[in-house]
Amino acid sequence: MKKLTIILALLISIPSFGFEGGPIVPTSSYLNSFLSIDDQQLSTGASFDSFLKKLEKKQQTIRREKDFVRFIFTKTHQEYLKSYKPYASFNELFNKGDYNCLTGTILYALVLNHFGIQYEVIETNYHIFLTVETKQGKILLEATDPLEGFVDTDRGIEKRIATYKQNTLIATNSKLNHYQFSFDLYKTVSLEELQGLLYYNKAVDSFNHQQLEKSIRFLEKAHELYSSSRIHEFSMILLLAVQQSEWSAEMKEKYLHVIYSISEKNSLIASLH
């Protein structure tokens, strides 16, 4: 029998905008919040601040906002996004250069937030990307595509978004059974809620490594930051896994209570998608 594998959020609902004059919340505060999600803490604040200062200096020589966003896209990829991996923590992006769709998108959001550039992060079933509003028009940024991930034509943006909206699951391993979500997501997410998606990814990764207790704990943390049909549906998978586990009756009761609480609070959101 093939093992059931949940696809990560290659990657809830409040728009994440930047405004001229700089971000309302300092970028360093957001950075620390994302880094704190992983067990290991890294001294990345100083190096990232140095990177932002280099961008600030370059900004003074670039007249068009669209050109500056292009420069941000290229330099951020060159500096940090070295190797794509389906599961990579946010800390790994800084200490190894390993990234996925979600962590790469978060990094770009942090940089855009720092410069007060208006943007949105869009979540779909199996993907996440950014759109940017500049004085010269709209741009789509695809973190996993260093060569063609800067899209600044209306036709190009429409084509990319149409592909994302198909919510098609691309299985990378035919030996595994991949779970397909029953909903269709296309929604704007905030920086705070992106923290919830990082916890969700950790919950999924733990589940895929048969670490059921850790998976439940991570999903509980994800739920505190992000209510969605994604959380609800995965909680149903965990519910079944606990019921079929060899845990003691007392342990099952304990974690079933946690999962029921998560599921009930997300069921209304799920019914809307």
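Of 168, 163, 172, all but one fail to be at pLDDT below 95, outside any loop (DSSP other than H, G, I, E, B), surrounded by fewer than 17 Cβ atoms within 10 Å (Cβ to Cβ) and polar (S, T, N, Q); the exception is 163. For the range 124-160, a residue qualifies if it is acidic (Asp, Glu) and open to solvent by less than 20 Å² (accessible area, probe 1.4 Å), and exactly one does: 142. A count restricted to the range 89-123 and to residues that are surrounded by fewer than 23 Cβ atoms within 10 Å (Cβ to Cβ) and more than 24 Å from residue 68 (Cβ to Cβ) stands at 5. Meeting the requirement of 1 or more residues that are over 23 Å from residue 49 (Cα atoms) and of a type in the set (Asp, Glu), the strands (runs of 3 or more DSSP E) wholly within the range 95-155 are 119-124, 128-134. A single entry from 69, 111 fulfils the requirement of being β-branched (Val, Ile, Thr) and farther than 17 Å from residue 28 by Cα: 69.
Could you please give the count of residues in the range 190-236 that are among the polar types (S, T, N, Q) and open to solvent by 30 Å² or more (accessible area, probe 1.4 Å)? Result for the range 190-236: 3.
The values are calculated or read from the model by the stated rules, or taken from the named source; none is laboratory data. Being a predicted model, the structure only gives us computed values, none of them experimental. Heads up, the Cβs are rebuilt from the backbone with ideal geometry, glycines too, and the neighbour counts pull from every protein chain shown. We work out accessible area using only protein heavy atoms, side chains counted, and drop any ligands, DNA or RNA first. Shrake-Rupley method; radii C 1.70, N 1.55, O 1.52, S 1.80 Å.
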